[in-house]
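Only one structure is covered here, and it is reproduced in the block below.
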Amino acid sequence: MAGAQRFRFREKPGPGTDGAVLELCVPQIGAGVSLPGILAAKCGAKVILSDNSELPHCLDICRQSCQLNHLSQVQVVGLTWGHITKDLLSLPPQDIILASDVFFEPEDFESILATVYFLMQRNPKVQFWSTYQVRSADWSLEGLLYKWDMKCVHVPLKSFEANKENIAGSTLPGRHTIEMLVVSLSKNSF
């Protein structure tokens with residue numbers, strides 16, 4: 001939910017934009033039901049949803065979310081973390097890569113960051129925005145971020161009013177600890 005909450009400030013053009021809407025290319029990896037990507041598309045971003053290419057039912061869920069939200073322009077592609085495929089190679093340059101709760105199995109952390117790193121090499125200014133539920137205090141991305149020459153900024157949920165037990169009438173996130181981070185390449189990578 002917090003990943004989707006971040007976009008609520010982008011629904012209308014901001015002051016000084018003379019009615020122009022910023023066009024962003026925003027892929028969502030590990031999309032699941034695709035809420036952050038759907039919301040980004042509703043706010044005018046060019047969105048590409050992806051989930052595991054080895055699990056066709058996950059891709060069907062993404063397509064159903066697009067259909068239910070009347071977003072026929074949203075592309076759905078199969079991407080498997082850590083695998084360089086023609087679908088990954090054919091993605092256009094991105095502005096923001098979204099992910100919501102993809103860091104739930106430690107054995108997948110490096111594959112996720114390797115995929116993000118590959119995309120960042122194609123556009124060094126892209127940012128990876130991710131929310132995740134803290135499941136163990138022992139799990140950390142710090143070593144992997146260092147290995148892949150990335151840096152991370154923690155975004156306080158309070159900065160966009162997502163630090164409550166209930167958001168928009170939902171019981172999510174409840175009493176779970178949710179974090180948001182923005183990952184980018186370290187200056188050494190430029």
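At an R0 of 30 angstrom, the distance between the Cβ atoms of residue 137 and residue 57 translates into a FRET efficiency of 0.35. The H on the amide N of residue 150, modeled in the peptide plane, is under 5 Å from the matching H of 186, each at least 5 residues off or on a different chain.
With a probe of 1.4 Å, find how much accessible area the range 43-96 has per residue, and write the answer as a whole number in Å².
Per-residue accessible area for the range 43-96 comes out at 55 Å².
For the listed peptides 178-184, 35-41, 66-72, a ranking on the average number of other beta carbons within 10 Å per residue, highest first, reads 35-41, 178-184, 66-72.
The values are calculated or read from the model by the stated rules, or taken from the named source; none is laboratory data. Just so we're clear, the structure is a prediction, and the values are computed from it rather than from any experiment. Note that we place each Cβ from the backbone using ideal geometry, even for glycine, and neighbour counts take in every protein chain shown. Ligands, DNA and RNA are excluded from the accessible area calculation, which covers all protein heavy atoms including side chains. Shrake-Rupley method; radii C 1.70, N 1.55, O 1.52, S 1.80 Å.
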